[in-house]
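Undergrad: Pasting a structure here, questions to come.
The values are calculated or read from the model by the stated rules, or taken from the named source; none is laboratory data. Keep in mind the model is a prediction, meaning the values are calculated, not measured. Positions of Cβ are generated from backbone atoms using ideal geometry, with glycine treated the same way; all protein chains shown enter the neighbour counts.
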Amino acid sequence: YARWTDFVEPGLGCRCVADQPWVTAAETAELALACLAAGKAEQARSLIENLAPLRAKQGGYWMGWQFEENIVWPFERPSWTSGALILAADALDGLSPGSDLLVRNWVSETPAKAGGEALPAFLSD
């Protein structure tokens with residue numbers, strides 16, 4: 001949780017830049033994925049739930065929220081923002097066979113090769 005309080009705005013999400021008064025949906029979703037990978041599912045779910053106000057009526061998510069002025073900022077709905085939220089929602093709720101792709105522990109199950117190198121388990125025969 002290094003610098004958690006610098007970047008997480010309670011009830012809103014994750015700041016993109018620590019010293020600026022805005023949170024962004026994509027960075028919040030990415031932080032939720034990191035929380036899941038670290039075994040902090042409750043924090044991950046809370047972060048994603050905080051983004052509900054950024055859901056656009058037309059679909060997708062607004063990029064961010066400037067919380068000192070109480071405005072959507074920037075006024076954009078980029079595809080990567082929605083993509084980050086899809087990945088986080090999938091990881092949280094196991095919606096697809098690949099839901100753990102970004103959060104599972106990738107510990108090699110194969111012995112090290114000569115020279116100290118090891119192949120990931122999914123590459124071994």
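Undergrad: Please verify whether Leu102 is touching a residue at least 60 places away in the same chain (Cβ under 8 Å) and either part of a loop (DSSP other than H, G, I, E, B) or in contact with a Pro (Cβ under 7 Å, 6 or more places away or on another chain) (or both), treating the condition exactly as stated. Reasoning before the result, please.
TA: Values: touching a residue at least 60 places away in the same chain (Cβ under 8 Å): yes; either part of a loop (DSSP other than H, G, I, E, B) or in contact with a Pro (Cβ under 7 Å, 6 or more places away or on another chain) (or both): yes.
For Leu102, the condition - touching a residue at least 60 places away in the same chain (Cβ under 8 Å) and either part of a loop (DSSP other than H, G, I, E, B) or in contact with a Pro (Cβ under 7 Å, 6 or more places away or on another chain) (or both) - is met.
Undergrad: Which residue out of Leu47, Leu12, Leu54 is crowded, with 22+ Cβ neighbours inside 10 Å and out of contact with any Ser or Thr (no Cβ under 6 Å at 6 or more places or on another chain)? Spell out how you get there, then give the answer.
TA: Details: Leu47 fails: out of contact with any Ser or Thr (no Cβ under 6 Å at 6 or more places or on another chain); Leu12 fails: crowded, with 22+ Cβ neighbours inside 10 Å.
Just one listed residue meets the conditions, Leu54.
Undergrad: Given (1) surrounded by fewer than 15 Cβ atoms within 10 Å (Cβ to Cβ); (2) modelled with pLDDT under 95; (3) on the phi < 0 side of the Ramachandran plot, identify the lone condition not met by Ile71.
TA: All conditions pass for Ile71, except number (2).
Undergrad: Out of Glu42, Glu27, I need the residue that is touching a Cys at 6+ places or on another chain (Cβ under 9 Å) and surrounded by 14 or more Cβ atoms within 10 Å (Cβ to Cβ). Which one?
TA: Answer to the selection: Glu27.
Undergrad: So in the range 1-57, with the set limited to residues that are hydroxyl-bearing (Ser, Thr, Tyr) and within 22 Å of Glu76 (Cβ to Cβ), which one is farthest from the chain's Cα centre (by Cα)?
TA: By that ranking, first place goes to Thr24.
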